[in-house]
Amino acid sequence: MLAFRDVIVSPYRPEADVLAPRPKYEQFLLRDHSVSSKMAPTINRLPRESLYEVPLSEDSGLVRLPSIAESKWKVLVLQRWVGRVERIEDDNFVAVLSDATNPTNAPEEVELDSVEVSPSDLPLLVVGAIFYWAIGYCDTPGGQRERVSTLRFARLPRLSQSRINKVFEKADRVAALLDGE
Amino acid sequence: MMMPKSEAAAVVMIGSFNPAIFQPRWLGSQKLIRPEEANNATIRAIQAEVADFSTEWFQFQAVQDRVQMVSSDPRHYPALRDLAGSIFAVLQHTPVQAVGINRQFHYQMPSVEGWHSLGHLLAPKSYWEDLVDKPGMKSLVIVGRRKSDSAGTLNVQVQPSANIEHGVFVQVNVEFQRTDDEMTGAEWVPECLAEHWDNVMDYSETMLEHIVGIHES
């Protein structure tokens, strides 16, 4: 039988309510790790656990995290693109956009103003960089609907040499398979 | 796409984790989030047993056997995928056994009748009325595989929305288990997310349209 101990980890601070409303649970219930193995996944411990609604099992052995806070800003995305920087000019850059909303649309080349890029993303603005561009509406907590355009550069870690080697090894295996070796 | 009242996407990982490492500053030092996001994150707890913090666009929670990252801002879903994949590309030796890609919606049904009708269609009350007075559908979970892509186990959950009156909550979860015995860490996680994320996101939208459209068909 699973036993739980209550651990008060952190009271929610009022300022957390700005973007993260006060959760339904006021404290965490941490599992007593002396009770059973923490590694064996069971049907009740897997990622399907609902984030908002009625848990599939009340005694699932899951740590009871606070329910996920829902943003008070409601965003409605109308159109999304994935861009790849092709070249950089003085105050702008040229990118190829792939339509993520309707992937059947052909890629198109566009010229964008560098001022569209968030200052902290500017170091990422290099040839070959990937970015995500979305336009839509944002409803503020005060009821104002605003048109928004959001451009965010992808942040991906540099591949390690061992990872690169594995990718090439896999490619070689696939190539050999296709060649019928 | 049908316009939900609210929605979220989430990545949930099951494995063995060291929650204390998951700090906004660590994510910032790895350049996985912006410096401003690292500095201005709202930290609720960073301890050996739990990490819980949020930025403007995602919420991060980790305990020793589970990590979850959630965003309710659809502009940033691709960035959420990148963040989850990148963390475990850096922490590639962390044992991760399962990854769940989740998308969930709260959808306002156009009428009370439509809301009841959907519940009756998904869970016909005629089977229950002999023994149960005023039966109602509290939760329905369908397990299977996606027809478009059989990878991963599909779980679709439908409930009355707890957030909006006469609304429906739909959650699509696709769960991937580590299969390659040679891999004991998290090497497979970034690849899994890169390969399946977009498909699960698109599939979830199709599922929402299908479910809330059932009562009209």
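The values are calculated or read from the model by the stated rules, or taken from the named source; none is laboratory data. Just so it is clear, the structure is predicted and the values come from calculations on it, not from any experiment. Cβ atoms come from the backbone with ideal geometry, glycine included; neighbour counts cover every protein chain shown. Remember, those area values only see protein heavy atoms, side chains included, never the ligands or the DNA or RNA. Shrake-Rupley method; radii C 1.70, N 1.55, O 1.52, S 1.80 Å.
A few points about this structure:
- Looking across segment A:86-112, the residues that are part of a strand (DSSP E or B), over 22 Å from B:PRO74 (Cα atoms) and acidic (Asp, Glu) come down to A:GLU86, A:GLU108, A:GLU109, A:GLU111.
- Candidate set: segment B:1-10, residues that are more than 8 Å from chain A (Cβ to nearest Cβ) and of a type in the set (A, V, I, L, M, F, W, C); chosen: the one least open to solvent (accessible area, probe 1.4 Å): B:ALA9
- In segment B:35-46, the residues that are touching a strand residue (DSSP E or B) at 6+ places or on another chain (Cβ under 9 Å) and either open to solvent by less than 10 Å² (accessible area, probe 1.4 Å) or within 8 Å of chain A (Cβ to nearest Cβ) (or both): B:THR42, B:ARG44, B:ALA45
- Members of segment B:47-63 found to be at the interface with chain A (Cβ under 9 Å from one of its Cβ atoms), over 17 Å from A:ASP121 (Cβ atoms) and touching a residue at least 12 places away in the same chain (Cβ under 8 Å), listed by number: B:GLN47, B:GLU49, B:VAL50, B:SER54, B:GLN59, B:VAL63
- Filtering segment A:154-181 to residues that are outside any helix (DSSP H, G or I) and either exposed (fewer than 10 other Cβ atoms within 10 Å of the Cβ) or more than 9 Å from chain B (Cβ to nearest Cβ) (or both) leaves A:ARG158, A:ASP179, A:GLY180, A:GLU181.
- Residue count, segment B:64-76 (criterion: surrounded by 24 or more Cβ atoms within 10 Å (Cβ to Cβ) and more than 9 Å from every other protein chain (Cβ to nearest Cβ)): 1
- Conditions (1) in contact (Cβ under 8 Å) with a residue 24 or more places away in the chain; (2) within 7 Å of another protein chain (Cβ to nearest Cβ); number of the one not met by B:PHE17: (2)
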